Structures are given as C-alpha cells and as structure tokens.
Amino acid sequence: CLARRAFPSPFRGGPGFQGRVPFASSSHRPEVHQPDRFNAGCLHLIEIADAVGNQAVVAVVDYRHDGVYLRSGTQRIRWDTVSYSIQCEDAGAGEILLQCIDRDGTMLGYDLDTVREVSTAVDIPVVACGGAGTYQHIFDAWKAGASAMAAGAMWQFTDQTPKGACKFLKEKGAEVRL
C-alpha cells in the first residue's frame, strides 16, 4: 500500500526505536508525537528528521501552566514549554503543535502568552491548539504568532465553520485561502 510506504505513522520515541521510522497506519501526515525522552538524553527526533526530513516532523508539545506533560497529560517532566519547544526544533522538528491541556475543549480562547513566547523563541511554524471557541480566538492566536490554529471543539459544538473562520480572518487582514 502506497500510504504505508509514503507516510510514517505517529511515533513516540523510546527504547524500542531502532533507527527506523515506523510505516504502519492510515495516517495522512507524517508526525512525531511527544518526543518524551529528551530528559533522558535520547533525541530520537534527530534520527527521524534524518530519515524523512524536517518538513515531515511535527513535535506535539502538551503543556499545562507548570510545564510539559507526557503520556496523555499524566506525567510532568522537568522542562518548561519554551525550552522544550526549542529542544524539539534543535532536534529536527519542522513544526510544533502547541497543545494547552488546561484549555483543550473549553472554547475559552488559546493560551496567548505561551503561543507568543514559543512563536518568538523558535524559527519553525507553531500551531496553537486548545481553547478555540470563536473566530476572534483564532484571530488572536494568529496575532500572537501562531502559524496555524486547531479548533476541534469549536467545529463540533458550535455552528461556526472553517470557511466562516477564513472569511473572518480575511476581513481582519490575515492572508488566508478561501
């Protein structure tokens, strides 16, 4: 199957990683999920980026106000969000999905301070995730430096649409494709 050969599945680094990128899912986008071994010195992102290229590596940074979390938000590690994001970029990530666990699903707006801090600290695209509830929230994240914004709950639980968001952003002066 071409999809299995062309698109790596989401990957979590660990002791079982043996220098190869796993190819086994219907994932349509190469992605690295939670490079959770930085504190142990295992920088598997480097190996993955070497194998598939930085442009195909998305590092997901799950965080709360007190730092970065792993294992679905159950294990806090000793990294602050900005430093961890910089490490992800240095290790080969071509993009960061910045997921605020505390705001996920709340529709109360993104954590704009952290979006701004991370977007300023790294030279790769940052996708804001967790908190979108209105088109204004999406615009605010864009103004804070996010390259893109995720808005799952907003699409599921309101009448707002991605097309409506694009129209709103375009009216506000953002460059978007309609």
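Details
Here's the yes/no breakdown for (1) at pLDDT 95 or above; (2) assigned to a loop (DSSP other than H, G, I, E, B); (3) within 16 Å of Thr114 (Cβ to Cβ); (4) among the hydroxyl-bearing types (Ser, Thr, Tyr):
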position: Ala128; (1), (2), (3), (4): yes, no, yes, no
position: Gln136; (1), (2), (3), (4): yes, no, no, no
position: Phe139; (1), (2), (3), (4): yes, no, no, no
position: Trp142; (1), (2), (3), (4): yes, no, yes, no
position: Gly145; (1), (2), (3), (4): yes, yes, yes, no
position: Asp159; (1), (2), (3), (4): yes, yes, no, no
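- Residues that are buried (at least 18 other Cβ atoms within 10 Å of the Cβ) and in contact with a strand residue (DSSP E or B) (Cβ under 9 Å, 6 or more places away or on another chain), drawn from the stretch 146-166: Ala146, Met149, Ala150, Ala151, Ala165
- Residue match in the stretch 73-93 (condition: of a type in the set (Phe, Trp, Tyr), open to solvent by 20 Å² or more (accessible area, probe 1.4 Å), outside any helix (DSSP H, G or I) and out of contact with any helix residue (DSSP H, G or I) (no Cβ under 9 Å at 6 or more places or on another chain)): no
- Residue count for the stretch 47-69, restricted to those that are of a type in the set (A, V, I, L, M, F, W, C) and in contact with a helix residue (DSSP H, G or I) (Cβ under 6 Å, 6 or more places away or on another chain): 4
- Selection status of Leu169, over 18 Å from Val60 (Cβ atoms), touching an Asp or Glu at 6+ places or on another chain (Cβ under 7 Å) and either open to solvent by less than 20 Å² (accessible area, probe 1.4 Å) or at pLDDT 95 or above (or both): no
- Scanning the stretch 125-143 for residues that are open to solvent by 70 Å² or more (accessible area, probe 1.4 Å) and of a type in the set (A, V, I, L, M, F, W, C) turns up just one, Trp142.
- Taking the criterion of being surrounded by 15 or more Cβ atoms within 10 Å (Cβ to Cβ) and assigned to a helix (DSSP H, G or I), the residues of the stretch 94-124 that qualify are Leu112, Thr114, Val115, Arg116, Glu117, Val118, Ser119, Ala121.
- Close pairs (9 angstrom Cβ cut-off, 6 or more residues apart or separate chains): farther than 12 Å from Ala93 by Cβ in the stretch 42-56, in a loop (DSSP other than H, G, I, E, B) and at pLDDT 75 or above anywhere: Glu47/Gly92; Asp50/Gly92
- Residue pairs meeting the criteria (Cβ under 6 Å; at least 6 apart or on separate chains; first among the basic types (Lys, Arg), in the stretch 162-178; second modelled with pLDDT of 95 or more and open to solvent by less than 60 Å² (accessible area, probe 1.4 Å)): Lys172/Phe139
The values are calculated or read from the model by the stated rules, or taken from the named source; none is laboratory data. These numbers were taken from a predicted model, which means no experiment stands behind them. Neighbour counts are summed over all protein chains in view; Cβ atoms, including those assigned to glycine, are modelled from backbone coordinates with ideal geometry. We work out accessible area using only protein heavy atoms, side chains counted, and drop any ligands, DNA or RNA first. Shrake-Rupley method; radii C 1.70, N 1.55, O 1.52, S 1.80 Å.
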